[in-house]
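Here the structure comes first, spelled out in structure tokens, and everything after it is commentary.
Please treat every number below as a calculation from the coordinates, not as lab data. Since the model is a prediction, treat every value here as computed from it, not as a measurement. Using ideal geometry, Cβ is built from the backbone for each residue, glycine included, and neighbour counts are taken over all protein chains shown.
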Amino acid sequence: MGAVAIQNEREFVFKRADFDKVRASLMQKAGIRLTEAKDGLVYSRLAKRIRALGLSSFAEYLDYVESSKAEQEQFINALTTNLTSFFREPHHFDALADYLQAHPQTTTIWCAASSTGEEPYSIAMVVAEAFGSFRTPVKIIASDIDSNVLATAREGVYPLKSIERISHVRRQQFFHRGRGANSDKVRVVKELRDMVQFRQLNLHQADWGFNQPVDIVFCRNVMIYFDKETQLKVLARMVRLLKPDGLYVAGHSENFNHQSHLVTPIGKTLYRPVKAANGE
Ligand SMILES: C[S@@+](CC[C@H](N)C(=O)[O-])C[C@H]1O[C@@H](n2cnc3c(N)ncnc32)[C@H](O)[C@@H]1O
């Protein structure tokens with residue numbers, strides 16, 4: 001099927017210039033780089049917003065985005081990819097348990113693209129296990145740019161299916177099963193939810209609002225959406241924020257082995273920050 005045929009089937013006119021404008025705007029607002037191949041995704045995600053707002057074209061919608069702060073948030077929410085799961089890349093959670101054992105003085109863990117919450121709650125489970133309690137000295141900060149996923153994360157309600165690969169012991173300890181019409185859902189127990197502070201944070205913005213150094217940064221599967229320049233800027237800022245013996249955890253396709261001025265690889269997608277003599 002050719003491009004013209006696809007355009008004819010579309011409800012709203014979506015021109016090359018509209019796609020270019022979306023790409024430039026998302027890059028400027030969130031540092032996210034959309035490849036040429038993403039035009040279908042952009043159309044389907046933003047057509048929903050155009051319909052919901054009762055507008056009639058992409059051009060009209062894109063003007064509206066620039067004039068409305070609230071719609072800028074919806075625009076970003078619509079275009080992020082939020083795929084995640086509990087204990088995704090499980091070796092990182094074994095590494096976390098080892099790190100906590102070796103560094104019992106750990107105070108702060110930042111999960112920097114927490115999506116719907118499965119990742120920070122997995123971190124919280126490991127922390128609770130390490131201290132044998134829900135009341136621990138470790139602050140877990142979970143952030144994301146997308147306000148919709150943060151709302152889901154705060155609720156902590158997930159399909160029962162999403163925890164089927166979690167051990168029986170963890171399921172018993174950390175989840176409540178819904179009843180009746182909700183029997184196909186689970187909720188993270190309140191004690192675990194209380195261990196995580198969620199906040200909206202754009203990694204592409206100048207101030208992240210941290211005034212204390214951080215022991216561990218989980219920054220997984222978000223750098224892949226940024227261009228190289230943004231990736232290195234974000235990595236350098238995270239390295240500055242980390243304690244000298246801190247830990248940087250990257251996603252499975254994010255490789256910083258060549259950034260030896262910033263990080264030293266210490267395991268599979270695990271890094272130690274390289275600190276300059278002045279501590280920066
Ligand atoms: C694919 S998910 C990864 C979730 C989780 N870290 C994992 O590995 O399972 C990527 C997340 O990055 C978030 N994101 C994208 N751009 C961002 C930015 N500029 N600042 C903060 N979060 C961003 C998205 O909203 C999305 O929830």
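Odds and ends about this structure:
- Kirkwood Rh in Å, taken over all unlike Cα pairs in the stretch 91-273: 17.0
- Calculated on the Cα set of the stretch 3-79, radius of gyration then Dmax: 11.7, 35 Å.
- Across Lys15/Lys38; Lys69/Lys233; Lys48/Lys228; Lys38/Lys69, pairs whose alpha-carbon gap is larger than 20 Å: Lys69/Lys233; Lys48/Lys228; Lys38/Lys69
- Convex hull volume of the stretch 1-157 per residue (C-alpha atoms, cubic angstrom): 148
- The chain: calculated mean residue ellipticity at 222 nm from DSSP helix runs of at least 4, using -39500 (n - 2.57): -12500 deg cm²/dmol
- For the stretch 181-280, Kirkwood radius (reciprocal of mean inverse C-alpha pair distance, Å): 15.3
- Label-to-label distance, nm, for residues given as Met27 and Arg177 (7 Å Cα→Cβ offset): 5.1
- Beta bridges by DSSP in the chain, antiparallel share as percent, to the nearest 5: 45
- Estimated distance in nm for a label pair at Thr264 and Lys190, the labels positioned 7 Å out from Cα along Cα-to-Cβ: 4.6
- Across the stretch 42-102, the fraction of Cα-Cα pairs farther apart than 18 Å, rounded to a whole number, is 51%.
- Computed from the Cβ-Cβ distance with R0 of 35 Å, the FRET efficiency linking Arg10 to Gln205 stands at 0.55.
- Using the Cβ-Cβ distance between Leu41 and Asp63 with R0 set to 25 Å, the FRET efficiency from 1/(1 + (r/R0)^6) comes to roughly 0.70.
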